[in-house]
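Asker: Just dropping this structure here.
The values are calculated or read from the model by the stated rules, or taken from the named source; none is laboratory data. Please read all numbers here as calculations on a predicted model, not as lab measurements. Counting neighbours? That spans all protein chains shown, and the Cβs are built from the backbone with ideal geometry, glycine included. Note: areas computed on protein heavy atoms with side chains; ligands, DNA, RNA excluded. Shrake-Rupley method; radii C 1.70, N 1.55, O 1.52, S 1.80 Å.
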Amino acid sequence: LSAVFQHGETFMIRSLIPWVERVPESLRVDVEAFIEQEAGHSREHVAMNKALIGAGYDIAPLDRKIRGFVAFFEDASDIMKLTATMCIEHFTAIIAAELLENRYHLDGVADDILELWLWHAIEEVEHKGVAYDVWNHATKDWSPARRYALRSFFMLAVTTSFFINRTLGQIELLRQDGYRFLASLKGVLRAGFGKGGIGRNVLRPWAAFFRPGYHPWDKDDRLLLAQGEADLAVIA
């Protein structure tokens with residue numbers, strides 16, 4: 001994930017910038033905060049990526065995948081870029097909430113890296129409804145059927161891309177650690193979708209996106225955020 005955040009976060013920032021002046025003032029404040037937070041995430045993960053490279057990993061293959069994703073949307077309309085961002089934000093938010101709720105995913109992580117992931121997770125949950133709210137405003141004149149069809153189609157497409165490319169990314173890093181493809185694939189799928197795996201645990205919140213009338217804040221995560229902030233203070 002860190003390997004792709006640099007370009008992924010930049011894509012989302014650029015997708016939201018055209019809407020800063022098009023949304024109501026109350027939402028504009030949230031959009032500006034979203035852009036500021038995502039810029040901070042990108043900056044910190046650039047530093048983490050340098051550490052990964054310094055530790056001997058080649059993240060160029062993962063970088064090429066995310067660059068290809070971003071390039072695919074280069075000539076897309078503002079609405080299409082915004083729709084993609086809204087779907088990606090759903091992924092980052094449900095994964096972030098899972099990390100905050102079930103800390104065993106981060107067992108054994110050094111404090112400085114733990115602080116990075118907790119901080120990033122908190123902010124992803126904090127702004128989980130912003131892109132969705134902007135998209136709702138941008139498509140307010142569309143029919144409910146058209147809106148539902150577009151967001152559902154994009155979520156399925158983004159899901160397919162996310163699953164394939166993040167799986168291949170893990171396998172590539174494991175290959176650099178000396179593991180063969182089939183052993184890596186089995187391990188990645190078992191770790192992600194076996195009992196207690198992140199992928200398995202987020203299936204239900206992922207599917208909630210397809211419910212008509214869905215909104216990211218249907219699930220109130222304020223207590224989760226408060227606990228995350230308290231844990232960050234302890235680390236500090």
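Asker: Within the range 104-122, which residues are touching a helix residue (DSSP H, G or I) at 6+ places or on another chain (Cβ under 8 Å) and open to solvent by 30 Å² or more (accessible area, probe 1.4 Å)? So that I can check it myself, show each step before the final result.
Answerer: Let us first name the residues in the range 104-122 that are touching a helix residue (DSSP H, G or I) at 6+ places or on another chain (Cβ under 8 Å), namely 105-106, 109, 111, 113-122.
Within the range 104-122, HIS105, VAL109, ASP111, ILE113, LEU114, GLU115, TRP117, TRP119 meet the criteria.
Asker: Listed residues ARG166, ARG200; which is under 18 Å from LEU62 (Cα atoms), part of a helix (DSSP H, G or I), of a type outside the set (Ser, Thr, Tyr) and open to solvent by 40 Å² or more (accessible area, probe 1.4 Å)? So that I can check it myself, show each step before the final result.
Answerer: Details: ARG200 fails: under 18 Å from LEU62 (Cα atoms).
None of the others qualify; the one that does is ARG166.
Asker: A further question follows. Looking only at the range 212-236, which residues are assigned to a loop (DSSP other than H, G, I, E, B) and surrounded by 10 or more Cβ atoms within 10 Å (Cβ to Cβ)?
Answerer: Of the range 212-236, the ones assigned to a loop (DSSP other than H, G, I, E, B) are 212-215, 219-221, 236.
Selection gives TYR214, HIS215, LYS219, ASP221.
Asker: Are there any pairs with C-beta distances below 7 angstrom linking a residue in the range 26-54 that is farther than 23 Å from LEU82 by Cβ to a residue that is open to solvent by 40 Å² or more (accessible area, probe 1.4 Å) and assigned to a helix (DSSP H, G or I), with the two at least 6 apart or on different chains, and if so which?
Answerer: Listed by first residue and then by second, the contacts come to VAL46/GLN6; ASN49/GLN6.
Asker: When residues of the range 134-162 are filtered for being without any contact (Cβ under 8 Å) to a residue 12 or more places away in the chain and not small (Gly, Ala, Ser), how many remain?
Answerer: So the answer is 9.
Asker: Please give the number of the condition ARG151 fails out of (1) out of contact with any Cys (no Cβ under 8 Å at 6 or more places or on another chain); (2) within 23 Å of ILE79 (Cβ to Cβ).
Answerer: With (1) out of contact with any Cys (no Cβ under 8 Å at 6 or more places or on another chain); (2) within 23 Å of ILE79 (Cβ to Cβ) applied to ARG151, the lone miss is (1).
Asker: Still on this structure, I have one more. Being closer than 11 Å to ILE94 by Cα and in contact with a Phe, Trp or Tyr (Cβ under 9 Å, 6 or more places away or on another chain) is the filter here, so list the residues in the range 202-230 that pass it.
Answerer: Those that are closer than 11 Å to ILE94 by Cα and in contact with a Phe, Trp or Tyr (Cβ under 9 Å, 6 or more places away or on another chain): VAL202, LEU203, TRP206, ALA208, PRO216.
Asker: With the checklist (1) over 19 Å from LEU168 (Cβ atoms); (2) in a helix (DSSP H, G or I) in hand, flag the one item ARG22 doesn't pass.
Answerer: It fails just one condition, (2).
Asker: Turning to a different aspect of this structure: Can ARG190 be described as of a type in the set (D, E, K, R), under 27 Å from GLU101 (Cα atoms), outside any loop (DSSP other than H, G, I, E, B) and without any contact (Cβ under 8 Å) to a residue 40 or more places away in the chain?
Answerer: yes
Asker: Being exposed (fewer than 13 other Cβ atoms within 10 Å of the Cβ) and more than 21 Å from TYR214 (Cβ to Cβ): is that true of ASP75 here? Working first, answer last.
Answerer: Details: exposed (fewer than 13 other Cβ atoms within 10 Å of the Cβ): yes; more than 21 Å from TYR214 (Cβ to Cβ): yes.
Yes: the conditions hold for ASP75.
Asker: Oh, and also: Go through ILE66, ILE94 for me and flag whichever is modelled with pLDDT of 95 or more, under 14 Å from the mean Cα position of the chain (by Cα) and open to solvent by less than 40 Å² (accessible area, probe 1.4 Å).
Answerer: Numbers: ILE66 fails: modelled with pLDDT of 95 or more.
Going through ILE66, ILE94 in turn, just one is modelled with pLDDT of 95 or more, under 14 Å from the mean Cα position of the chain (by Cα) and open to solvent by less than 40 Å² (accessible area, probe 1.4 Å): ILE94.
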